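Here the structure comes first, spelled out in structure tokens, and everything after it is commentary.
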Amino acid sequence: MADKIKIRRGNFVNLPDLDSGEFGLSVDTGTLYVGTPDQNILINPVLESVDGYSIDGYLVPATDNVHNLGTPDNRWHSVYVGPGSLSIVAKSTDAGYSADQ
């Protein structure tokens, strides 16, 4: 009998840290993850283009503090965030940073 590949399943909020090479399926979002030593990696992002983009997952820049979201001439109309989820973080490497602020 052939070996079976087992995939952990559950809702996204309950998806645990997967072991390296272990698969996990988020049944509520339909997304599949694979575990690495550092994190779960999304391997089937849901992207669709309808008057723009819809992204089902995290939108993370590859480089810290380099990219903009919008421009002075092409602004976002509305931004919706949950309570306590907007963080403005100053780092010691930022211009004008002061530990006294």
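Read-outs throughout are calculated quantities, based only on the coordinates presented, and are distinct from any laboratory measurement. Source: prediction; values computed, not measured. Reconstructed Cβ throughout: ideal geometry from the backbone, glycine too, with neighbour counts over all protein chains shown.
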Potential extension, A99-I7 segment - 0.36 nm per residue separation minus Cα distance: 28.4 nm
Relative exposure of R9, R75, judged by other C-beta atoms within 10 Å (fewest first): R75, R9
